[in-house]
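Below is one structure, written out as structure tokens; comments come after it.
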Amino acid sequence: MTPTQRWTALSVFAAFATCALPARRADPTAAHATPAPGMRAVRIGLVFDVGGRGDKSFNDAAYAGLARARRELGATVEYVEPMDADDRVSALRLFAARGFDLVVGVGYMFSRDVDEVARDYPTVRFACVDYAPAEQGAVPDNVVGLGFREEEGCFLVGAAAALTSRSQHVGFVGGMDIPLIRKFEGGYRLGVRAVCPTCRVSAAYAGSTPNAFRDPARGEALASAQYAQGVDVIFHASGTTGHGVFVAAHRLRRLAIGVDADQYDEMPDAVLTSMIKRVDVAVFDTIRSVAMGQFPRGPSGIRVLGLAEGAVDWVSRGPHARHLSADTITRVEALRAQISQGTLRVDLSSLRE
């Protein structure tokens, strides 16, 4: 099967049904979407990262932003769940060739692909979540990179892990060993250090390829090994691999921390909190700007969002925070306020000192 054939089999046209791929079909109302007052009629194409919809994390957050744009702005939306790198590039190109108003790539791995396709289609606008600029050369004029200060949210859950830990030994499980996930680990380490300088942090990665984000068995093995070494709280940043971390935490009666979305429902007895990364907000705001006839790229071509912008956070309220003590919430919220106000900076470079 060629990449184009695979793309066609996986295409979903504004589908919000739950039937299994590739049987999903076009939403018959999508071609007749009515723009909201003050908005232009726009067509949005989104290509998911590894793992696709249903990861209850990064991709599902992006989908929530897309669905909100369909619902609130009247945007016509389509999305693709690629199987490999060829599918990823083919999907971007096909959306661009069809003249979509905005093509969104979800994930760090799209960065070079988006740049390449954007240069071939200079009249089409592109957005890339977790965009990493090339070492040389400027961001194409028709690309907006959406970045996050993930380290700020990770700092908060690191502090929560250290304050909750009885063994003073906490863990981190990453998916693919790339600079982006190292940022998660770094922020987590700094948060641990801020409240418990004597605490230890063990870290492990599931692999060096994109498959490291979709290997729950590997996640369970890595988490089990850390728990056996005395770790009692683990933060994962590993896509669906993290489900294995939750399984291990449940089985061994330990605690784990979710990522990107509130993952409490994955394992209610084991999820201490989650680091929230509002990919949905970034995706929706970008679509809204395009629907208003704007393109929010800024001089550098990259928008970076953090705690102050409401783009990262942690779960600290309601029943999903029931494993957190009142003292832990109070102390971490104080740190949160300092970061939001700019009086506390999460400086990853300090880890190299």
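The values are calculated or read from the model by the stated rules, or taken from the named source; none is laboratory data. Note that the structure is predicted; figures quoted are calculated from it, not measured. Virtual Cβ from ideal backbone geometry, glycine too; neighbours counted across all protein chains shown.
Among the numbered criteria (1) surrounded by 13 or more Cβ atoms within 10 Å (Cβ to Cβ); (2) of a type in the set (A, V, I, L, M, F, W, C); (3) at pLDDT 95 or above, which single criterion is violated by residue 311? Of (1) surrounded by 13 or more Cβ atoms within 10 Å (Cβ to Cβ); (2) of a type in the set (A, V, I, L, M, F, W, C); (3) at pLDDT 95 or above, only one is false for residue 311: (3). From the list 49, 86, 60, 115, the lone residue that is touching a residue at least 60 places away in the same chain (Cβ under 8 Å), touching a Pro at 6+ places or on another chain (Cβ under 9 Å), in a helix (DSSP H, G or I) and assigned by TED's automatic domain parsing to the domain that holds residue 128 is 86.
Per-residue answers, yes or no, for (1) of a type in the set (Phe, Trp, Tyr); (2) at pLDDT 95 or above; (3) surrounded by fewer than 23 Cβ atoms within 10 Å (Cβ to Cβ):
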| site | (1), (2), (3) |
| --- | --- |
| 272 | no, yes, no |
| 287 | no, yes, no |
| 305 | no, no, yes |
| 319 | no, yes, yes |
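With respect to the conditions (1) touching a helix residue (DSSP H, G or I) at 6+ places or on another chain (Cβ under 7 Å); (2) outside any loop (DSSP other than H, G, I, E, B), residue 304 falls short on a single one, namely (1). Note on the stretch 310-353: residues that are more than 21 Å from residue 165 (Cα to Cα), touching a residue at least 12 places away in the same chain (Cβ under 8 Å) and among the acidic types (Asp, Glu) total 1.
Do the conditions hold for residue 69, that is, is it part of a loop (DSSP other than H, G, I, E, B) and either at pLDDT below 50 or not polar (S, T, N, Q) (or both)? So that I can check it myself, show each step before the final result.
On the way: part of a loop (DSSP other than H, G, I, E, B): no; either at pLDDT below 50 or not polar (S, T, N, Q) (or both): yes.
Spelling it out, it is not the case that residue 69 is part of a loop (DSSP other than H, G, I, E, B) and either at pLDDT below 50 or not polar (S, T, N, Q) (or both).
Within the stretch 118-131, restricting attention to residues that are in a loop (DSSP other than H, G, I, E, B) and not charged (D, E, K, R), which residue is nearest to residue 93 (Cα to Cα)?
Our first condition is that a residue be in a loop (DSSP other than H, G, I, E, B); within the stretch 118-131, this holds for 121-124, 130-131.
Filter once more, so that each one left must be not charged (D, E, K, R): 121-124, 131.
On the way: 121: 9, 122: 12, 123: 13, 124: 10, 131: 18 Å.
The selected residue is 121.
Checking 288, 297 one by one, the residue that is in the same structural domain as residue 44 (by TED's automatic domain parsing), more than 17 Å from residue 68 (Cα to Cα), of a type outside the set (A, V, I, L, M) and in contact (Cβ under 8 Å) with a residue 40 or more places away in the chain is 297 and no other.
Would you confirm whether or not the stretch 202-209 contains a residue that is closer than 30 Å to residue 337 by Cβ and either in contact with a Phe, Trp or Tyr (Cβ under 9 Å, 6 or more places away or on another chain) or assigned by TED's automatic domain parsing to the domain that holds residue 109 (or both)? Show your work before the answer.
If we filter the stretch 202-209 for residues that are closer than 30 Å to residue 337 by Cβ, which is where we start, we get 202-203.
Add one more test, that the residue is either in contact with a Phe, Trp or Tyr (Cβ under 9 Å, 6 or more places away or on another chain) or assigned by TED's automatic domain parsing to the domain that holds residue 109 (or both), and what stays is 202-203.
Among the residues of the stretch 202-209, at least one is closer than 30 Å to residue 337 by Cβ and either in contact with a Phe, Trp or Tyr (Cβ under 9 Å, 6 or more places away or on another chain) or assigned by TED's automatic domain parsing to the domain that holds residue 109 (or both), which makes the answer yes.
Considering the conditions (1) surrounded by fewer than 21 Cβ atoms within 10 Å (Cβ to Cβ); (2) assigned to a helix (DSSP H, G or I); (3) within 18 Å of the chain's Cα centre (by Cα); (4) not small (Gly, Ala, Ser), residue 333 is excluded by exactly one of them, (3). Are any of the residues in the stretch 220-235 within 18 Å of the chain's Cα centre (by Cα), small (Gly, Ala, Ser), on the phi < 0 side of the Ramachandran plot and at pLDDT 95 or above? Within the stretch 220-235, none of the residues are within 18 Å of the chain's Cα centre (by Cα), small (Gly, Ala, Ser), on the phi < 0 side of the Ramachandran plot and at pLDDT 95 or above. Considering 141, 55, the condition of being assigned to a loop (DSSP other than H, G, I, E, B), among the acidic types (Asp, Glu), closer than 30 Å to residue 227 by Cα and not assigned by TED's automatic domain parsing to the domain that holds residue 213 is satisfied by 55 alone.
Applying the selection to the stretch 195-212, what residues are more than 29 Å from residue 334 (Cβ to Cβ) and in contact with an Asp or Glu (Cβ under 8 Å, 6 or more places away or on another chain)? Don't jump to the end; show me each part of the working.
First pass over the stretch 195-212, keeping only residues more than 29 Å from residue 334 (Cβ to Cβ): 204-212.
Selection gives 205, 206, 207, 208, 212.
Applying the set (1) over 18 Å from residue 51 (Cα atoms); (2) within 15 Å of the chain's Cα centre (by Cα); (3) touching a residue at least 12 places away in the same chain (Cβ under 8 Å) to residue 264 leaves exactly one unmet item: (2). Of the residues 78, 72, the single one that is more than 21 Å from the chain's Cα centre (by Cα) and within 20 Å of residue 285 (Cβ to Cβ) is 72.
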